[in-house]
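Heads up: the structure comes next, in structure tokens.
The values are calculated or read from the model by the stated rules, or taken from the named source; none is laboratory data. The model shown is predicted, which means the values in this text are computed figures rather than measured ones. Cβ placement follows ideal geometry from the backbone for every residue including glycine, while neighbour counts extend to all protein chains displayed. For the accessible areas, the whole protein counts, side chains as well, though only heavy atoms, and no ligand, DNA or RNA atoms are used. Shrake-Rupley method; radii C 1.70, N 1.55, O 1.52, S 1.80 Å.
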Amino acid sequence: MFRPVRMKKVDLISTEEYKDKIIRTLHRRGVVQIKEMGNKLGEEEWSTILDSHPSDPNLRTMNNDIGSLNKILETFEEANPEEKDGFFKALFNPSPPKKIPVGDLHGKELMIEVGKVLERVKSEIDEPMEKINGIDKRVEGIDAFLEGIKRISTLNVDISLLIGGYYTSTFVGIASADILERIEKETKDITKKIYIYDQKIPETEDHILVIVCLKEYFDSISNTLRRTGFDRINIEFEDVEIRGTPLEVIAQLESAKNKLIDERCGYEKVIAEAADKHRDDLEQILELMIFERERTEVKTNFLKTEETFVAEGWIPADRADKLREELINDVNGRIHFHTSDPDPSDDVPVKLNNKGFFKSFELITKLFSTPKYDEYDPTVLLSIGFMIFFALMLTDAMYGFVNLLLGLFLWKGGGKYNKMYKDFGIIFTACGVVSVAIGAITGGWFGDLFVKYLGINALNSVLLFEPMGSAGWLCEVTGQQGIILFLVISLLLGIIHLDTGILTGIIGNLKKEKIKDAFTGDLWFLLIQPAIVLLYFNSASYYLISALILILVAFVLLLVGHKGMFFFQITGALGDVLSYVRLMALGLCTYGMALTFNALAALAGGIPTIGIVFAVLIGLMGHILNWLLQTLGSFVHGMRLHYVEFFSKFYEGGGVEFTPFKENREKTVLK
């Protein structure tokens, strides 16, 4: 549990005739991570007898077929979208994922079947797709033309009369008022034989200009207009003759566009019917083709001779014997399957080994980094600390109960089919349970709502201390205010948390035989604590001498381990401890905001007639806001205390996660 799964290095040697069968077995079982062996060819002992495995010539065909299948499925989704769960349904009550039963189709048989399926589907959808593409292009052209024509819609002139003739060229466009004089001057400087019609566009500062000139001046006038900022409008639509005023043309083209869209709907219906008929076939054949491509691509990691191939990988030690037996049976003993322990220099992939609900907390560990193979897995320690810190910062039993319900719904709802939802559901459920317990002993029941306003005084029977008061058993025994107790508890928990991290680091260094690192790292911090206790609680000479000896040893370890930087180790340790004050700070924030919303709701309740409505709204919205903010804050700061303060004492991370060569079946299931 505290260490990753023990891994074995596995070497496979077999003949070419069994290669595909072995690869299929490895792929189906999904317990071996295949290593790339090309780097071994740099060693003479390997390069003299082995060659790299060439890329399969069928790979390009596979990629093309997969691309075609994806394209058709995208087309089907556009024409006939599959019904999908909404956000909340996917979270809490998802529909079971569709699983299509398939046979064990692979190799040439699969390639032939893919060709048949593609041919059959394309024969039904190629023509309507071609028609749709043509319509889309036509509609796109109409939209682009209309965008310009609509800008000159107030022009009451037949557009066909504005198209240039045999001897003349016409420019139609928009010009702002401040460039009109410049356009007129510069164009007339080119030629006096020019006509300019100017019409102001209502409610704007822009003008519609129609400029007519002789064809011989077209280039000069065009360059001048472009330079002045004149925005020319295209009034010629493809090869179609346009007649009528801009408004009439707009109506004509909108009508033509609507007819094209109706025509497109007819073709889409054909494709939608094809989607109903062929979608399952395409999805299953696509997944099988992806598997086939994976099995084909993995061969490039092997080395080979003319008759044999060699593969290397990693396998969990407890799965090796079963896989060996299965492979030997598959190929009638024609295989060499050898496992060995990793070398110290090997970059061993990591598979975490947590059980039960601890496994879900791996999600938080991996957000920081995967542990190295020879490193302690911090997940169990993290999960315990995270739950306690989360609950202390939330400090309200009812907020914890809401998180408990949310976690259960997420776990038993979306978590049935989605691992991430399941993990978050279990985390929220566990944190919710601890939050209910800690909220109860700190008197948080939507703040003071249940006790002060609803009069449920029986809840005080489990009260340990009140964060912002003096009620509670612990306050009575110690004579201290709740806020002081909260501070002390936060600091003590912080010290225990740091000590756990330091001890874990020392044990890890001792196991790695890093003796110096074990004693000159943070051991001084452990020694200084009993020294402070001895100095604080007893002034007898033998206690004083013991404390001074511990302080001296701690100081020597500091000097040896950190030399001139020892002072920064002391201030850093002090900062680490004080960082845990956030447990109290966020807990007080939760409790204080809850009290505030309760008080505001009570004040609003005093308003005649409608006061009860305002009271309920303020209380409900206030507590929802407080719950959201404090839950988020507790989650983030809980991670922060582990990532920064705790992990820095023993945990490096940087490991490579174990990724086995495996079929990830999402759409299909073997018959």
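Laid out as a table, the results:
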quantity: Residue in the stretch 371-382 that is out of contact with any Gly (no Cβ under 9 Å at 6 or more places or on another chain) and open to solvent by 40 Å² or more (accessible area, probe 1.4 Å) present; calculated: no
quantity: Any strands (runs of 3 or more DSSP E) falling wholly within the stretch 111-220 and containing at least 2 residues that are free of Cβ contacts under 8 Å to residues at least 40 places away in the same chain and surrounded by fewer than 12 Cβ atoms within 10 Å (Cβ to Cβ); calculated: none
quantity: Qualifying residue in the stretch 53-61 (condition: farther than 17 Å from residue 661 by Cβ, more than 36 Å from the chain's Cα centre (by Cα) and surrounded by 13 or more Cβ atoms within 10 Å (Cβ to Cβ)); calculated: no
quantity: Spans of helices (runs of 4 or more DSSP H) in the stretch 497-567 with at least 3 residues β-branched (Val, Ile, Thr) and in contact with a His (Cβ under 6 Å, 6 or more places away or on another chain); calculated: none
quantity: Residue tally, condition in contact with a Gly (Cβ under 9 Å, 6 or more places away or on another chain) and farther than 30 Å from residue 255 by Cβ, over the stretch 146-177; calculated: 2
quantity: Per-region count, the stretch 307-357, residues aliphatic (A, V, I, L, M), more than 32 Å from the chain's Cα centre (by Cα) and more than 26 Å from residue 49 (Cα to Cα); calculated: 2
quantity: Residue list for the stretch 451-468, filter: over 15 Å from residue 599 (Cβ atoms) and open to solvent by 40 Å² or more (accessible area, probe 1.4 Å); calculated: 455, 456, 457, 458, 460, 461, 462, 464, 466
quantity: Among the candidates 35, 116, 122, residue that is under 33 Å from the mean Cα position of the chain (by Cα) and among the basic types (Lys, Arg); calculated: 35
quantity: Some residue of the stretch 519-528 being closer than 18 Å to residue 647 by Cβ, without any contact (Cβ under 8 Å) to a residue 12 or more places away in the chain, surrounded by fewer than 18 Cβ atoms within 10 Å (Cβ to Cβ) and under 41 Å from the mean Cα position of the chain (by Cα); calculated: no
quantity: Some residue of the stretch 332-355 being among the β-branched types (Val, Ile, Thr) and in a helix (DSSP H, G or I); calculated: no
quantity: Qualifying residue in the stretch 396-418 (condition: over 36 Å from the mean Cα position of the chain (by Cα), β-branched (Val, Ile, Thr) and part of a helix (DSSP H, G or I)); calculated: no
quantity: Lone qualifier among 19, 71, 9 - being touching a Ser or Thr at 6+ places or on another chain (Cβ under 7 Å) and modelled with pLDDT of 90 or more; calculated: 9
quantity: Set 39, 70: member being exposed (fewer than 15 other Cβ atoms within 10 Å of the Cβ), within 23 Å of residue 286 (Cβ to Cβ) and polar (S, T, N, Q); calculated: 70
quantity: Given (1) over 30 Å from residue 323 (Cα atoms); (2) exposed (fewer than 15 other Cβ atoms within 10 Å of the Cβ); (3) without any contact (Cβ under 8 Å) to a residue 24 or more places away in the chain; (4) not hydroxyl-bearing (Ser, Thr, Tyr), number of the condition residue 570 does not satisfy; calculated: (2)
quantity: Residues located in the stretch 266-280, provided they are open to solvent by less than 30 Å² (accessible area, probe 1.4 Å) and over 14 Å from residue 132 (Cβ atoms); calculated: 278, 279
quantity: In the stretch 650-671, the residues that are open to solvent by less than 60 Å² (accessible area, probe 1.4 Å) and outside any loop (DSSP other than H, G, I, E, B); calculated: 668
quantity: Filter result for the condition that a residue is open to solvent by 60 Å² or more (accessible area, probe 1.4 Å) and under 21 Å from the mean Cα position of the chain (by Cα), over 625, 617, 632; calculated: 632
quantity: Only listed residue being acidic (Asp, Glu), farther than 29 Å from residue 179 by Cβ and touching an Asp or Glu at 6+ places or on another chain (Cβ under 9 Å), chosen from 254, 263, 248; calculated: 248
quantity: Residue identified as out of contact with any His (no Cβ under 7 Å at 6 or more places or on another chain), surrounded by fewer than 17 Cβ atoms within 10 Å (Cβ to Cβ) and touching a residue at least 40 places away in the same chain (Cβ under 8 Å) among 287, 283, 263; calculated: 263
quantity: Residue within the stretch 405-414 that is touching a residue at least 60 places away in the same chain (Cβ under 8 Å), open to solvent by 40 Å² or more (accessible area, probe 1.4 Å) and either farther than 16 Å from residue 357 by Cβ or of a type in the set (Asp, Glu) (or both) present; calculated: yes
quantity: Sole exception among (1) assigned to a helix (DSSP H, G or I); (2) touching a residue at least 60 places away in the same chain (Cβ under 8 Å) for residue 329, by number; calculated: (2)
quantity: Hey, residue 328 loosely packed, with under 15 Cβ neighbours inside 10 Å, farther than 18 Å from residue 3 by Cβ and of a type in the set (A, V, I, L, M, F, W, C) or not; calculated: yes
quantity: Scan of the stretch 227-250 for residues that are open to solvent by 100 Å² or more (accessible area, probe 1.4 Å), among the charged types (D, E, K, R) and more than 17 Å from residue 170 (Cβ to Cβ), ordered by number; calculated: 227, 238, 239
quantity: Meets criteria (open to solvent by 40 Å² or more (accessible area, probe 1.4 Å) and part of a helix (DSSP H, G or I)) for residue 436; calculated: yes
quantity: Breaking point among (1) small (Gly, Ala, Ser); (2) open to solvent by less than 10 Å² (accessible area, probe 1.4 Å); (3) outside any helix (DSSP H, G or I), for residue 360; calculated: (3)
quantity: Given (1) open to solvent by less than 30 Å² (accessible area, probe 1.4 Å); (2) in a helix (DSSP H, G or I); (3) of a type in the set (A, V, I, L, M, F, W, C); (4) within 30 Å of residue 532 (Cα to Cα), number of the condition residue 492 does not satisfy; calculated: (1)
quantity: Those residues of the stretch 501-556 which are among the aromatic types (Phe, Trp, Tyr) and modelled with pLDDT under 85, in sequence order; calculated: 536, 537, 542, 543
